[in-house]
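Structure first, then comments.
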Amino acid sequence: MAKRLLKQKRTDKNNIYSVHAPETECIAKGKAHKRYEFGVKVSIATTNDSGCVVGMRSYPGNPYDGHTLEDQLEQVEILSDIKPTHAYVDRGYRGHGVEDTEVYISGKRKLNRKEKERLRRRSAIEAETGHMKNDGLLNRNYLKGAEGDAMNTLLVGCGHNLRKLLAFLRLDFLGLRKILLFLQEIILFRYENSACHSAITR
């Protein structure tokens, strides 16, 4: 590994970017503020409405995005026992080759109103990815090797769903607490008024 590390050039393929994690890849992002990222490519599948993770897996070797879609949809079907009928993806998935699921790619025209709204919802996964990177330790994996990447990816998806569930229960509890306090105020108000009325009549 030391000889390979010293001899490798910038334009070579399969370069070593990390000695303790040789599986690390250089992933081109195509963004002005961050052209490249170093790590392992991860594919995330979420529901279109709530943003819950229904599939998440790592792809060592930095494959083309379009070649990962079929495997990702298969994982969603295995985990949820429901075959996806529609998939909304970005332009990096052009040439995916999926035929049994209707795939909508960003920038596609000639769509009806409902399909346009669902396709616009696709951008919400960027926020979900940011939460998983910052809160779920997706940005930094402490498990070793490709198997560690796969395990960490699944655990991050589970943790993300648990955080969303706890947030929902927290809001639901606060709403229930407000309702109970409101009912308590009404009961106390009626009790005080009835006590005052009975004191006056006496």
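Go through the residues of the range 107-114 one by one and say whether even a single one is part of a helix (DSSP H, G or I), at pLDDT below 85 and out of contact with any Lys or Arg (no Cβ under 8 Å at 6 or more places or on another chain). Yes, the range 107-114 has at least one match. Of all the criteria given as (1) at pLDDT 85 or above; (2) assigned to a helix (DSSP H, G or I); (3) surrounded by 14 or more Cβ atoms within 10 Å (Cβ to Cβ), the one not satisfied by L138 is (2).
If you check G61, G55, G66, which single one turns out to be more than 16 Å from K133 (Cβ to Cβ), under 15 Å from the mean Cα position of the chain (by Cα) and not charged (D, E, K, R)? Spell out how you get there, then give the answer.
On the way: G61 fails: under 15 Å from the mean Cα position of the chain (by Cα); G66 fails: under 15 Å from the mean Cα position of the chain (by Cα).
After applying the criteria, what remains is G55.
Remark: L143 falls outside the filter, which requires a residue to be touching a residue at least 60 places away in the same chain (Cβ under 8 Å) and assigned to a loop (DSSP other than H, G, I, E, B). Looking at V98, V103, just one residue is closer than 30 Å to L69 by Cα, among the β-branched types (V, I, T), in contact with a His (Cβ under 7 Å, 6 or more places away or on another chain) and at pLDDT 85 or above, and that residue is V103. Filtering L181, L119, L166 for residues that are surrounded by 11 or more Cβ atoms within 10 Å (Cβ to Cβ) and modelled with pLDDT under 85 leaves a single hit, L119. With respect to the conditions (1) touching a Lys or Arg at 6+ places or on another chain (Cβ under 8 Å); (2) assigned to a helix (DSSP H, G or I); (3) at pLDDT below 85, L6 lacks only one, and its number is (1).
The values are calculated or read from the model by the stated rules, or taken from the named source; none is laboratory data. Values in this document were obtained by computation on a predicted structure and should not be read as measured data. Reconstructed Cβ throughout: ideal geometry from the backbone, glycine too, with neighbour counts over all protein chains shown.
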